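The next block holds one structure in the form of structure tokens; read it before the comments.
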Amino acid sequence: MPQAISLVKEAHNAISKTLSPGSIAIDATCGNGYDTLFLAQQVGKTGTVYGFDIQQRAVEITEQKLREQQLLSQVQLIHAGHEEMSAYVPVKYHQNINAIMFNLGYLPGSDKAVITKTDTTLIALETACLLLKKSGIITVIAYPGHPGGLQELEALQNQINALDKSFFQHDILEVDKNDLSKPKLFFISKKSSEFI
């Protein structure tokens, strides 16, 4: 029996290839803090991670995880929506972010009515593309199985497909192509040269 694909693990594998000590990364959706923790481990004490979440509870959970692992010093946690990334990330890091992670949907173990919204997610992705450095990567895990999730995924897929191919390339990893309710992982990378 084939082993189930872990989209989170695949996202981490892709991200780990672009990060090293001193890198700058963004977790656009902290949630329960696992991606923020992973990014903090990758960038080390000389790097910086900016972690965003609209829910104060998610910020608190993430802060506790980082504190337990003694990784809080390299992370700036921000209680704000991911669509506001460019306002909180210093201008000197604009177009200099190595990796940006999105894990959409709702906060596991919390109110399932509080979800990422299509309109703000699309703004956030557009912003992420502007903040990303050449050869940087964005990963987005989208979950169509909850109310509003399929609409968000379809809009996201349309926006990704419309990216300028001179500057970006993208790929998708699906758990089950025949089951529309299954999550999907998008990889977006900014080309190191527009002539590639």
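The values are calculated or read from the model by the stated rules, or taken from the named source; none is laboratory data. Nothing here was measured: the structure is a model prediction, and the numbers come from that model. Positions of Cβ are backbone-derived with ideal geometry, glycine not excepted, and every protein chain shown enters the neighbour counts.
Considering only residues of the range 99-153 that are polar (S, T, N, Q), touching a helix residue (DSSP H, G or I) at 6+ places or on another chain (Cβ under 8 Å) and in a strand (DSSP E or B), which is modelled with the highest pLDDT? Checked the range 99-153; the qualifying residue modelled with the highest pLDDT is 139. Taking the options 11, 40, 87, name whichever one is closer than 20 Å to residue 170 by Cβ, at pLDDT 95 or above and not basic (Lys, Arg). The match here is 11. In the range 122-147, the residues that are more than 9 Å from residue 99 (Cα to Cα) and in contact (Cβ under 8 Å) with a residue 12 or more places away in the chain reach residues that are assigned to a helix (DSSP H, G or I) and among the acidic types (Asp, Glu) with C-beta atoms within less than 6 angstrom, at least six apart or across chains, in these pairs: 123/83; 124/83. Here residue 42 passes the criteria (1) in contact (Cβ under 8 Å) with a residue 24 or more places away in the chain; (2) within 21 Å of residue 86 (Cα to Cα) except the one numbered (2). Among the residues making up the range 128-185, those that are over 28 Å from residue 87 (Cα atoms) and among the polar types (S, T, N, Q) are 178, 181.
Out of curiosity, is residue 14 within 26 Å of residue 181 (Cβ to Cβ), surrounded by fewer than 20 Cβ atoms within 10 Å (Cβ to Cβ) and in contact with a strand residue (DSSP E or B) (Cβ under 9 Å, 6 or more places away or on another chain)? Yes; evaluated as a whole, the condition is true for this residue.
Checking each residue in the range 14-36 for being over 17 Å from residue 56 (Cα atoms) and of a type in the set (A, V, I, L, M) picks out 14, 15, 19, 24, 25, 26. Of all residue pairs spaced 6 or more apart or on separate chains, those with beta-carbon atoms under 8 Å, a first member in the range 149-162 that is within 16 Å of residue 103 (Cβ to Cβ) and a second member that is among the polar types (S, T, N, Q) and in a helix (DSSP H, G or I) are 152/118; 152/121; 156/118; 156/121. Select from the range 79-107 the residues that are of a type in the set (A, V, I, L, M, F, W, C) and under 14 Å from residue 24 (Cβ atoms) and write down the one among them that is farthest from the chain's Cα centre (by Cα). Filtering first and then ranking leaves 91. Within the range 46-90, work out how many residues are among the hydroxyl-bearing types (Ser, Thr, Tyr), in contact with a helix residue (DSSP H, G or I) (Cβ under 7 Å, 6 or more places away or on another chain) and surrounded by fewer than 20 Cβ atoms within 10 Å (Cβ to Cβ). Selection size over the range 46-90: 1.
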